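**Q** Just passing along the structure, written as structure tokens.
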Amino acid sequence: MALNWRHHATGDLRPCRYCRRPAFMRDEVGRPCHKVCAEQHEHDHDDQGVTLAPVIPLPTPTAAPRRRRIA
């Protein structure tokens, strides 16, 4: 799972709400936040039922068939 950041905003550098390092991105409410920090927070608090942004399912990678080596 990953957070949907299609409608994110950007702004001046401000401290990230999680790690306090400078961040350009804003969450859906306009608070400075890194995408990685928000996803880690979402993962850590997944059992509480609190979401910061809509969660979208990621496609599951499929293994490509192996080719046989010809000697």
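The values are calculated or read from the model by the stated rules, or taken from the named source; none is laboratory data. Quick caveat, the model's predicted, so the values are computed rather than measured. Methodologically, a virtual Cβ is constructed for each residue, glycine included, from the backbone with ideal geometry; neighbour enumeration extends over all protein chains shown. Heads up: the accessible areas ignore ligands, DNA and RNA and are worked out on the full protein's heavy atoms, side chains in. Shrake-Rupley method; radii C 1.70, N 1.55, O 1.52, S 1.80 Å.
**Q** When you have a sec, figure out the Kirkwood radius of region 5-49 from all distinct Cα pair distances and drop it here in Å to one decimal?
**A** 10.7
**Q** For 39, 28, give me the order by solvent-accessible area with a 1.4 Å probe, most accessible first, ignoring ligands, DNA and RNA.
**A** 28, 39
**Q** Could I ask something else about it? Each label point is 7 Å from the Cα along the Cα-to-Cβ direction; what then is the distance between the points at residue 21 and residue 5, in nm?
**A** 1.3
**Q** Going 7 Å from the Cα of residue 46 along its beta-carbon direction, which residues of region 1-37 have the amide nitrogen within less than 12 Å of the resulting point?
**A** 1-3
**Q** Right, next: Give the residue list of trypsin sites (Lys or Arg not before Pro) in region 1-37 that are DSSP loop and have at most 14 other beta-carbon atoms within 10 angstrom.
**A** Passing both the DSSP loop test and the Cβ count: 6, 20.
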